[in-house]
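The values are calculated or read from the model by the stated rules, or taken from the named source; none is laboratory data. Nothing here was measured: the structure is a model prediction, and the numbers come from that model. Here the Cβ positions follow ideal geometry from the backbone for every residue, glycine too, while neighbour counts run over all protein chains shown.
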Amino acid sequence: MHYNRILLKLSGEILGGVKGHGIDPGAASYFTEEIRRIHDEYVQIGIVIGGGNIYRGAAGSAMIDRVSGDQMGMLATVINALALRDYFEKAGMATRIMGPSSVSPLMLPFDRKHAIELLDQGIILIFAGGTGNPFFTTDSAAALRAAEIDADVLLKGTKVNGVYSADPVKDPNAKRYERISYSQVIEEQLKVMDLSSMTLCRENRIPVIVFDFTETGTLYRILSGEEAGTLIEE
């Protein structure tokens with residue numbers, strides 16, 4: 001494999017399947033199979049999954065305070081992590097959930113040294129609960145955990161095959177980038193990841209690959225060294 005240790009970031013909507021909400025068994029099974037293929041190649045895997053299939057803090061009811069909404073979103077990621085853990089373990093892959101101790105007693109408190117020890121043992125780690133703080137997205141949590149575990153790459157799985165100059169659904173003339181710099185993403189305000197997460201990746205020289213996770217086998221091909229999606233680096 002081209003990369004030894006990865007951080008995979010996925011939105012909760014992917015786990016929600018076609019409807020984009022709840023936990024779709026078919027989507028969870030697909031997710032499990034894609035992970036199993038790379039796990040069988042001894043890739044060390046850390047995962048951050050969002051909670052948008054259950055609750056989106058930033059788009060919550062006007063009656064719910066922003067801080068409370070973000071906390072609800074953090075708990076939604078724990079629900080997704082618990083579901084994925086069970087799917088993975090039933091497929092024979094040892095998995096642990098880690099996250100901020102302030103979020104939930106259902107997972108191990110994040111500890112960098114312990115996390116790396118578990119990854120070295122071939123155990124999949126699902127990092128839930130975001131950063132443990134409101135006002136930070138799961139993209140920020142993914143960049144933070146990628147830096148903390150010394151990931152070789154941050155892989156952002158989406159439903160689009162890379163980074164475009166504009167929304168390809170709305171603009172048929174949108175250009176897809178094969179490679180792009182962190183600075184260009186930031187300056188052009190391309191909606192890839194939020195500013196804090198992109199800045200963190202740039203400061204720690206963590207390459208980011210944005211790809212279509214719903215296309216079967218793409219994750220495996222990327223880790224095998226094939227070019228797919230968009231590579232973001234300096």
Candidates Val160, Val210 - the one that is of a type in the set (A, V, I, L, M), under 14 Å from the mean Cα position of the chain (by Cα) and not in a helix (DSSP H, G or I): Val210
Exactly one of Leu200, Leu190, Leu154 is modelled with pLDDT of 95 or more, hydrophobic (A, V, I, L, M, F, W, C) and under 15 Å from Leu231 (Cβ atoms), and that one is Leu154
Which one of the conditions (1) over 18 Å from Leu155 (Cα atoms); (2) modelled with pLDDT under 95; (3) surrounded by 14 or more Cβ atoms within 10 Å (Cβ to Cβ); (4) of a type in the set (A, V, I, L, M) does Leu82 fail to meet, given that it meets all the rest? (2)
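Sort out which residues of region 146-191 are among the aliphatic types (A, V, I, L, M) and in contact with a Ser or Thr (Cβ under 8 Å, 6 or more places away or on another chain), and write them in order of number.
Across region 146-191, the qualifying residues are Val163, Ala174, Ile180, Ile186, Leu190.
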Mind listing just one residue for me: the one in region 124-170 that is surrounded by 17 or more Cβ atoms within 10 Å (Cβ to Cβ) and without any contact (Cβ under 8 Å) to a residue 40 or more places away in the chain and, of those, nearest to His2 (Cα to Cα)? Glu148
Going residue by residue through region 202-213, is there one that turns out to be in contact with a Phe, Trp or Tyr (Cβ under 6 Å, 6 or more places away or on another chain) and buried (at least 16 other Cβ atoms within 10 Å of the Cβ)? yes
Of all residues in region 149-199, which are under 30 Å from Ala115 (Cβ atoms), in contact with a strand residue (DSSP E or B) (Cβ under 9 Å, 6 or more places away or on another chain) and of a type in the set (S, T, N, Q)? Thr158, Ser181, Ser197
